[in-house]
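Down below is the structure, laid out as structure tokens.
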Amino acid sequence: MRTPIIAGNWKMYKTVGEAVDLVKALLAGLGSGHGREVVVCPPFTALYAVRPLLVGTGIALGAQNLYHEREGAFTGEIAPGMLVDVGCRYVIIGHSERRQYFTETDAGVNRKLKAALAAGLRPIMCVGESKPQRDAGEAEAIVTGQVGAGLVDISAAQMAEVVIAYEPIWAIGTGDTATPADAQAMHLAIRHTLGDMYGDAVAQSVRIQYGGSVKPDNIDELMAQPDIDGALVGGASLKADSFLRIVHYQ
Ligand code: PEP
């Protein structure tokens with residue numbers, strides 16, 4: 001049984017005060033017994049302020065990125081242990097915006113994954129194809145290639161800590177969602193790749209989120225797909241009512 005996981009990626013939005021207000025509103029509306037794991041990933045600057053509000057609640061704290069070294073002269077970077085220190089349980093790695101604007105590569109994603117796991121963080125590893133790649137019929141090869149390259153030398157035991165987020169780049173922030181059937185097909189392809197790498201038991205246990213313009217009005221259909229185990233939500237996670245509706249999908 002895979003516990004569904006709904007994560008909010010707040011990107012470069014929310015001051016400290018706004019982040020605290022949003023967390024308070026989420027906690028007020030979350031309720032209990034929904035059987036879903038909920039994660040919020042505020043910007044680095046708000047992590048320390050929201051942490052005490054989340055302790056002992058049903059919402060886990062995540063970060064949006066990290067650097068793969070433990071410490072050192074790396075101006076502007078954040079070490080995995082620093083995220084643990086500030087209360088993070090999860091970290092998003094290899095988001096397409098990082099790959100696109102900050103030249104992150106599969107090898108870099110793999111280094112970050114190893115560093116996160118070594119520090120005790122649960123990585124949410126993002127993969128996804130561009131529109132030209134999809135139009136050229138290359139989507140599955142690109143995405144399964146990213147999965148294989150990102151997971152080099154990650155053991156079967158470590159996979160218990162890893163979440164994969166399939167996020168087609170053309171669907172992120174565009175309002176253009178993959179159809180539930182197309183998303184399901186890609187999730188199944190990812191699961192087959194995991195099966196080839198780790199065997200069926202591990203493949204069946206890894207949670208694969210969908211991301212890309214997930215909204216209150218499409219979450220139910222997406223979550224009805226057998227291989228979609230949750231959502232990584234950008235824009236719709238910035239308001240309590242829309243994120244709570246997504247968490248409480250039918
Ligand atoms: C994201 O940033 O991971 C994302 C999926 O964004 P949006 O939901 O806004 O498309």
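Annotation: amide H-H contacts under 5 Å for GLY58 (H modelled 1.01 Å from N, sequence separation of 5 or more, or interchain): none. In the context of the full set of protein chains, residues of the stretch 5-247 present 42 Å² of accessible surface per residue (probe radius 1.4 Å, heavy atoms only). In vacuum, with every alpha carbon of the stretch 30-91 counted as one equal point scatterer, what does the Debye formula give for log10 I(q)/I(0) at q = 0.21, 0.24, 0.25 Å⁻¹? Two decimals, please. For the stretch 30-91 at q = 0.21, 0.24, 0.25 Å⁻¹, log10 I(q)/I(0) is -0.81, -0.98, -1.04.
Applying 0.36 nm per residue to the separation of GLU18 and ASP135 and subtracting their alpha-carbon distance, the gain on full extension is 38.2 nm. For the chain, the number of Lys pairs separated by eight or more positions or lying on different chains, with C-alpha atoms closer than 14 Å, is 5. Quantify how much of the Cα-Cα distance distribution of the stretch 41-195 extends past 18 Å, in percent. Considering the stretch 41-195, 60 percent of its Cα-Cα pairs are separated by more than 18 Å.
Springs between Cα atoms under 10 Å define the GNM used for the chain, and in it the highest mean-square fluctuation of HIS34, HIS192, HIS95 occurs at HIS34.
In the distance distribution for the stretch 1-56, Cα-Cα pairs more than 19 Å apart total 28 percent.
Relative contact order of the chain, please, whole-number percent, based on alpha carbon pairs below 8 angstrom and at least 6 residues apart.
Numbers: 476 pairs, mean separation 51.9, N = 250.
This gives 21 percent for the chain.
Here the chain has 54 percent of its accessible surface on carbon and sulfur atoms, given a 1.4 Å probe and all protein chains in place.
The values are calculated or read from the model by the stated rules, or taken from the named source; none is laboratory data. Computed from a predicted structure; not experimentally measured. Side chains are part of the model used for accessible areas, which takes the heavy atoms of the whole protein and leaves out ligands, DNA and RNA. Shrake-Rupley method; radii C 1.70, N 1.55, O 1.52, S 1.80 Å.
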